[in-house]
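J.: Mind looking over this structure? Questions follow.
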Amino acid sequence: MHRTNFIVREPLLDPKQRVLGYELSWQQHDGRIPTDQDLEGLVGFVAEHVNHDEHGWLLRDKILFLDAVPGMLSLDALHALPPERTVLTFDIRQLTDLDVRSAVQAVRAGGVGVAIRGCDINLLGRNLSPYASYLEVRFTGANVADQARSYAAAKHSALRMVGRPVGTWADFDACAALGLDAFVGKLHLTPRPGNPVKGMNPTQSIILQLMQLVQNNEDVPKLESVLKRDPALTYKLLRYINTAGFGAGREVQSLRQAISLLGYAPLYRWLVLLLATASASGYSPVLMETAVVRGRLAELLGQKYLGKSEAENLFVAGMFSLLDRLLGLSMEQVLETIQLPDQVVQALTRREGPYGPYLALAEACELNSNLVASLADALAITPSEVNQAHLSALAWAQSVAVEA
């Protein structure tokens, strides 16, 4: 069903603001509600693209929550996903069928997680643990904290609770204090308030200087002299070079050798990644991870149609599109600090120019904004291509989180 549907994602946060996993669902090309067949196809498509034959689960410690229907319970593709990283989300009404309840218990016994949504608060105190590992509770109106208190009081000890939508950090703090275990909302696009630091820290200033030197094709000794001013940055570069195998079996210990082996274009890309992930600690980790996924997804979407060098600029545009929030600055202030190609600036400020539509499409995939299909159509990118790029970007973000 990947030929007519688009994958959209929402992150789930744990009480420490870390990304616990992602909820993946289909968005129909024509706006219709996905059928049971569509939803069954989601399992197969995800299994095919994030569980590698040789490398295994490509999303590392992330859990995937998938909108589910009873037909999924007997799919071979379900067995291709690691059970400890897979959660199927059912509506409570689907469990009124005895056969479905038996099938749910069977997959639960095999280690697959099950979440139940649409559960009335009066049912929360009952023993639903044979059928579910998670309960989704939905908040309505403004009194999220009061609702969370009611849910927490009724919670069964064996079940973890997922609250949605949690739209502000104040609501997040209230829910976390009351013992809810995971949270879904738009917090991945919102800086954590209360951080007095605005602008770039010393490490980011050095990274920015290095980026300018690389853009100007300055010689290696100049780059080396700037890198030496930040021991932690030097360590990260040497670790990255050696982890990625650039030394071809021998450890690289010289900065000059590391820069020469890496090359200027890959070095610039690595610095862009570091500029975002070296942000002040008060900002939410999910915001940084979203920037990395967005940058990679925009790049992959444009690779086929714009070519490799142009796609590199899309990666920069995607990463920089959240840099204002990561730094606590306006986008205009961010752009004053570094010289970027005009096409990248157009994309960042107005979502226009050759890169703007690709960046807008990457954003739509994380917002579930009902614009994914129209944006993809305008770029002549098929649903299958968008979905493959999306899952690939998620996997890539997990790998660079370790290397950066």
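J.: Restricting to region 330-350, give me the number of residues that are open to solvent by 40 Å² or more (accessible area, probe 1.4 Å) and of a type outside the set (V, I, T). I'd like the intermediate steps shown before the answer.
T.: At the first step, the residues of region 330-350 found to be open to solvent by 40 Å² or more (accessible area, probe 1.4 Å) are 330, 332-333, 336-337, 339, 341-343, 345-346, 349-350.
So of that shortlist, the ones also of a type outside the set (V, I, T) come out as 330, 332-333, 336, 339, 341-343, 346, 350.
Residues meeting the conditions: 10.
J.: Same structure again: Any chance you could count how many residues in region 67-88 are more than 14 Å from V104 (Cβ to Cβ) and not in a loop (DSSP other than H, G, I, E, B)?
T.: 7
J.: Starting from region 73-86, keep only residues that are closer than 12 Å to L42 by Cα, then list their pairs with residues that are open to solvent by 70 Å² or more (accessible area, probe 1.4 Å) and of a type in the set (D, E) whose Cβ atoms are within a distance under 8 Å, requiring at least 6 positions of separation or different chains.
T.: As it stands, the answer is A77/E48, since those pairs meet every condition given.
J.: Given the options V316, V345, name the one that is modelled with pLDDT of 95 or more and more than 16 Å from the chain's Cα centre (by Cα). First the steps, then the outcome.
T.: Details: V316 fails: modelled with pLDDT of 95 or more.
Exactly one residue qualifies, and that residue is V345.
J.: Restricting attention to region 181-190, which residues are closer than 16 Å to T140 by Cα and either of a type outside the set (G, A, S) or modelled with pLDDT of 90 or more (or both)?
T.: Pass one, region 181-190, residues closer than 16 Å to T140 by Cα: 183-186.
Residues satisfying the conditions are F183, V184, K186.
J.: Something else about it: Considering region 290-311 alone, what residues qualify as being over 13 Å from A347 (Cβ atoms) and either among the hydrophobic types (A, V, I, L, M, F, W, C) or open to solvent by 10 Å² or more (accessible area, probe 1.4 Å) (or both)? Walk me through how you get there before you give the answer.
T.: Taking region 290-311 first, the residues over 13 Å from A347 (Cβ atoms) are 290-293, 296-297, 300, 303-305, 307-309.
Within region 290-311, A291, V292, V293, R296, L297, L300, Q303, K304, Y305, G307, K308, S309 meet the criteria.
J.: Kindly indicate the residue of region 77-112 that is over 25 Å from V184 (Cβ atoms) and hydrophobic (A, V, I, L, M, F, W, C) and also most open to solvent (accessible area, probe 1.4 Å) among those meeting that condition.
T.: If we take residues in region 77-112 being over 25 Å from V184 (Cβ atoms) and hydrophobic (A, V, I, L, M, F, W, C), then L98 is most open to solvent (accessible area, probe 1.4 Å).
J.: Does A278 fit the bill of being more than 27 Å from R60 (Cα to Cα) and of a type outside the set (D, E)?
T.: Details: more than 27 Å from R60 (Cα to Cα): no; of a type outside the set (D, E): yes.
Against the criterion (more than 27 Å from R60 (Cα to Cα) and of a type outside the set (D, E)), A278 does not qualify.
J.: Moving to a separate point now. For the condition in a strand (DSSP E or B), buried (at least 19 other Cβ atoms within 10 Å of the Cβ) and not aromatic (F, W, Y), what is the one hit in L64, L42, L59?
T.: Testing whether each residue is in a strand (DSSP E or B), buried (at least 19 other Cβ atoms within 10 Å of the Cβ) and not aromatic (F, W, Y) leaves just L64.
J.: Among the numbered criteria (1) modelled with pLDDT under 85; (2) surrounded by 18 or more Cβ atoms within 10 Å (Cβ to Cβ); (3) closer than 18 Å to V272 by Cβ, which single criterion is violated by I206?
T.: The number of the failed condition is (1).
J.: Picking from V100, V114, which residue would you name as being within 28 Å of the chain's Cα centre (by Cα) and at pLDDT 90 or above?
T.: V114
J.: Here is a check on your reading of the model: is L391 outside any helix (DSSP H, G or I) and either open to solvent by 10 Å² or more (accessible area, probe 1.4 Å) or closer than 24 Å to R60 by Cβ (or both)?
T.: Details: outside any helix (DSSP H, G or I): no; either open to solvent by 10 Å² or more (accessible area, probe 1.4 Å) or closer than 24 Å to R60 by Cβ (or both): yes.
Taking the combined requirement at face value, the residue does not satisfy it.
J.: Test of understanding: among A176, A153, which residue is more than 30 Å from K236 (Cβ to Cβ), open to solvent by 10 Å² or more (accessible area, probe 1.4 Å) and modelled with pLDDT of 85 or more?
T.: None of the other options fit; the residue is A176.
J.: While we're here: So is L58 among the hydrophobic types (A, V, I, L, M, F, W, C) and modelled with pLDDT of 90 or more or not?
T.: yes
J.: Restricting attention to region 130-147, which residues are over 26 Å from the mean Cα position of the chain (by Cα) and either open to solvent by 50 Å² or more (accessible area, probe 1.4 Å) or under 27 Å from L64 (Cβ atoms) (or both)?
T.: At the first step, the residues of region 130-147 found to be over 26 Å from the mean Cα position of the chain (by Cα) are 130-131, 141-143, 145-147.
Within region 130-147, P130, Y131, G141, A142, N143, D146, Q147 meet the criteria.
J.: Identify, by number, the condition in (1) without any contact (Cβ under 8 Å) to a residue 12 or more places away in the chain; (2) open to solvent by less than 50 Å² (accessible area, probe 1.4 Å) that D377 doesn't meet.
T.: If we test D377 against (1) without any contact (Cβ under 8 Å) to a residue 12 or more places away in the chain; (2) open to solvent by less than 50 Å² (accessible area, probe 1.4 Å), just (2) comes out false.
The values are calculated or read from the model by the stated rules, or taken from the named source; none is laboratory data. Nothing here was measured: the structure is a model prediction, and the numbers come from that model. When we count neighbours, we look across all protein chains shown, and the Cβ atoms used for this are built from the backbone with ideal geometry, even at glycine. We work out accessible area using only protein heavy atoms, side chains counted, and drop any ligands, DNA or RNA first. Shrake-Rupley method; radii C 1.70, N 1.55, O 1.52, S 1.80 Å.
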